[in-house]
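The values are calculated or read from the model by the stated rules, or taken from the named source; none is laboratory data. Computed from a prediction, not measured in an experiment: that's the story for all the values here. Virtual Cβ from ideal backbone geometry, glycine too; neighbours counted across all protein chains shown.
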Amino acid sequence: MTTYAQLQQAAQASMAATTRVIVQVGHCSQSVGATQVAEALRSALSGNTGVSLIIAGCDGACFAAPQVLVTNPSGDTQRHTNVSLDDIPALIEFLIPDNTAQQQHPPLVKGGSGDLASFFIPQTRLLLSRCGSIDPSSINEYIAASGYSGLNTALSQSPEDVIQTVLDAGLLGRGGAYFPAARKWQGARAANDDPRYLVVNAEEGEPGLFKDRHIMEGDPHQLLEGALIAAYATGASQTYIYINAEAHLSAQRIETAIRHAQEVDLIGDDILGSGFDCQVTVRRGAGGYVCGEETTLLDTIQGDRREPRLRPPFPVQSGLFQRPTVINNVETLSNVPMILSETTVRPEPVEGPAEDSPVHPPLVKADQGGFSSLGLDSAKGTKLICLSGSVLRPGLAEVPMGTTLRHVIYDIGGGPPEGAEIGVVAVGGPSSGILPPTELDMEIRPGMLHPSGVVMGGGGIMVMPEGIPAIDVVRQLAAYNAAESCGKCTPCREGTPRMVQILDRISSGNGSNTDLEELRNLAEIVGAASLCGLGQMSGSPINSALHFFADELEKLVN
């Protein structure tokens with residue numbers, strides 16, 4: 001039997017004291033040449049034993065990709081941003097200077113550390129603390145950084161005590177519904193009907209969302225550890241990780257992490273000598289936004305059509321293969337290890353660096369309580385926010401619950417480019433609403449941000465510049481909902497395309513006041529009569545537009 005102390009000792013012994021060249025390669029940075037940069041550096045550094053090339057995930061600073069971090073054995077890090085193939089010779093000269101040249105740092109490549117500092121410093125990075133700096137293909141790096149200590153702690157307690165710990169911490173689901181995670185665990189455990197299942201919802205098919213992929217690509221063992229703790233607490237002997245069919249890199253890195261965890265007996269039979277058995281299997285999504293709906297997800301794992309089920313019964317009573325099943329989101333489960341760990345990572349306060357100083361925010365160890373000491377009384381911890389659109393610094397940010405939209409858009413994202421103004425902000429994706437720039441002091445929290453149907457959802461914020469009509473934004477969201485409807489229930493199948501038809505008529509100048517009233521009525525009826533969240537929330541973009549952009553819409557119909 002291998003103990004956790006033995007695993008950690010072996011992991012720490014395996015960490016070589018070399019210069020680390022870390023290339024951040026993720027699903028976003030691949031589109032701007034990160035893979036090619038990594039391969040060019042691999043070729044150039046081949047045979048150099050003093051330098052280790054690490055292919056990491058991304059740290060969320062999408063505006064700076066591709067990024068290359070150079071960390072010397074003493075831990076000092078030099079960050080290079082927006083690296084292209086043309087910059088490789090300068091990087092190699094820096095890493096392997098000739099005998100007569102004095103080693104000097106090259107300038108930051110096509111980027112500025114001020115932008116990076118402005119992006120990182122306003123954040124509180126717990127879940128993302130290792131993303132971009134740890135090798136996702138190395139379980140030793142994760143264990144050496146106290147990874148799986150939360151699982152080790154959990155296995156020394158009873159499942160009921162683990163559930164109570166997570167309940168006391170105040171962890172809410174992060175997939176959009178914000179239901180207390182431990183309540184689901186209690187429900188499945190109380191069912192007392194084996195086998196029980198844990199399903200990780202990593203579908204993330206919503207436009208503008210990329211948070212779960214960042215975790216799976218940058219720190220996959222964090223998710224695995226959280227899933228194993230949840231499986232232990234609920235009594236699940238089988239875990240399925242349901243990954244979007246198009247998220248190839250996420251699936252690849254999760255599968256690698258599973259294989260490595262199996263090799264050191266962290267997945268399988270008698271984990272860490274506790275008597276707890278759990279297998280973990282990846283399932284790929286069936287395609288379509290509706291697959292993120294939890295009962296639809298279960299049916300596609302079973303090989304059935306991608307349609308939602310009637311509820312009750314709920315999945316914790318009768319879920320996968322009609323057995324008690326807990327379904328948790330990637331972000332939700334990734335919070336669990338820090339709650340169970342004896343120590344957790346918290347960001348050290350960082351003062352703004354000089355403009356010519358690269359920044360990679362350092363981390364320090366802190367005592368337990370990092371999660372529950374942050375956020376609101378009603379919603380503890382942090383929230384991952386996917387910021388895109390007309391901002392200077394788009395990317396993935398992590399902020400405490402209760403942070404305002406304005407702080408994310410302006411303090412972290414830098415606001416719109418010079419000379420531009422914000423026109424419309426879409427919050428929470430197609431199942432939420434749109435806001436004018438005057439309403440950005442709303443807090444990130446569960447529930448309705450505004451009675452018109454604006455919710456935080458999974459955490460997407462898309463910023464549109466002034467000049468894009470609100471009706472065009474609403475039309476795009478409504479058309480997406482109509483296209484993604486599974487067609488099972490009549491209100492959604494017939495109502496969502498009808499909304500698009502009316503919006504098209506209004507935007508073409510052929511609308512009337514009765515069209516606005518019909519839109520309002522359709523949004524109410526479809527929302528009340530649909531089976532799943534797609535139809536139930538499909539009227540939110542329309543309701544919010546009718547509330548916040550009434551003058552603009554009335555001008556179009558008059």
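Out of contact with any His (no Cβ under 9 Å at 6 or more places or on another chain) and at pLDDT below 95 - does that describe any residue in segment 278-286? Spell out how you get there, then give the answer.
Let us first name the residues in segment 278-286 that are out of contact with any His (no Cβ under 9 Å at 6 or more places or on another chain), namely 278-286.
Going one step further and asking which of them are at pLDDT below 95, we end up with 285-286.
Yes.
Quick check on this structure: which one of 506, 525, 471 is in contact with a Gly (Cβ under 9 Å, 6 or more places away or on another chain) and either under 27 Å from residue 305 (Cβ atoms) or not aromatic (Phe, Trp, Tyr) (or both)?
After applying the criteria, what remains is 525.
Quick one: residue 385 ticks every box in (1) within 18 Å of the chain's Cα centre (by Cα); (2) farther than 25 Å from residue 177 by Cβ; (3) of a type in the set (Val, Ile, Thr) except a single one, so which number is it?
(2)
What pairs can you find where one residue is in segment 14-25 and under 11 Å from residue 79 (Cα atoms), the other is at pLDDT below 85, and their Cβ atoms are less than 7 Å apart, with a gap of 6+ or different chains?
Going by the 7 Å Cβ cut-off, the qualifying pairs are 21/95.
Considering only segment 478-497, how many residues are among the hydroxyl-bearing types (Ser, Thr, Tyr) and in contact (Cβ under 8 Å) with a residue 60 or more places away in the chain? Talk me through it step by step, then tell me what you get.
First, the residues of segment 478-497 that are among the hydroxyl-bearing types (Ser, Thr, Tyr): 480, 485, 490, 496.
Filter once more, so that each one left must be in contact (Cβ under 8 Å) with a residue 60 or more places away in the chain: 480, 485.
Residues meeting the conditions: 2.
Can you tell which of 500, 526, 474, 455 is crowded, with 16+ Cβ neighbours inside 10 Å, in the same structural domain as residue 391 (by TED's automatic domain parsing), at negative phi and touching a residue at least 24 places away in the same chain (Cβ under 8 Å)? Give the derivation first.
Working: 500 fails: in the same structural domain as residue 391 (by TED's automatic domain parsing); 526 fails: in the same structural domain as residue 391 (by TED's automatic domain parsing); 474 fails: in the same structural domain as residue 391 (by TED's automatic domain parsing).
Checking each option against the conditions leaves just 455.
Looking only at segment 503-523, filter to residues that are touching a residue at least 12 places away in the same chain (Cβ under 8 Å) and hydroxyl-bearing (Ser, Thr, Tyr); which one of those is farthest from residue 177 (Cα to Cα)? Step through it out loud before you land on a result.
Quick first cut of segment 503-523, residues touching a residue at least 12 places away in the same chain (Cβ under 8 Å) only: 503-504, 506-507, 509, 511-513, 515-516, 518-520, 522-523.
From what is left, the residues that are hydroxyl-bearing (Ser, Thr, Tyr) are 507, 512.
Working: 507: 33, 512: 36 Å.
Taking the candidates together, the pick is 512.
Is it the case that residue 60 is assigned to a loop (DSSP other than H, G, I, E, B), surrounded by fewer than 19 Cβ atoms within 10 Å (Cβ to Cβ) and either on the phi > 0 side of the Ramachandran plot or assigned by TED's automatic domain parsing to the domain that holds residue 211 (or both)? Full working, then the answer.
Numbers: assigned to a loop (DSSP other than H, G, I, E, B): yes; surrounded by fewer than 19 Cβ atoms within 10 Å (Cβ to Cβ): no; either on the phi > 0 side of the Ramachandran plot or assigned by TED's automatic domain parsing to the domain that holds residue 211 (or both): yes.
Criteria not met by residue 60.
Would you mention how many residues in segment 155-171 are in a helix (DSSP H, G or I) and over 19 Å from residue 190 (Cβ atoms)? Steps first, please.
From segment 155-171, those in a helix (DSSP H, G or I) are 155, 159-169; that's our starting set.
Now narrow it down to the ones that are over 19 Å from residue 190 (Cβ atoms): 155, 169.
The qualifying residues number 2.
For segment 75-83, check the following and say yes or no: at least one residue is under 28 Å from residue 225 (Cβ atoms) and exposed (fewer than 15 other Cβ atoms within 10 Å of the Cβ).
First, the residues of segment 75-83 that are under 28 Å from residue 225 (Cβ atoms): 75, 77, 79.
Next cut, exposed (fewer than 15 other Cβ atoms within 10 Å of the Cβ) only: 75.
Within segment 75-83 (the criterion being under 28 Å from residue 225 (Cβ atoms) and exposed (fewer than 15 other Cβ atoms within 10 Å of the Cβ)), the answer is yes, since at least one residue qualifies.
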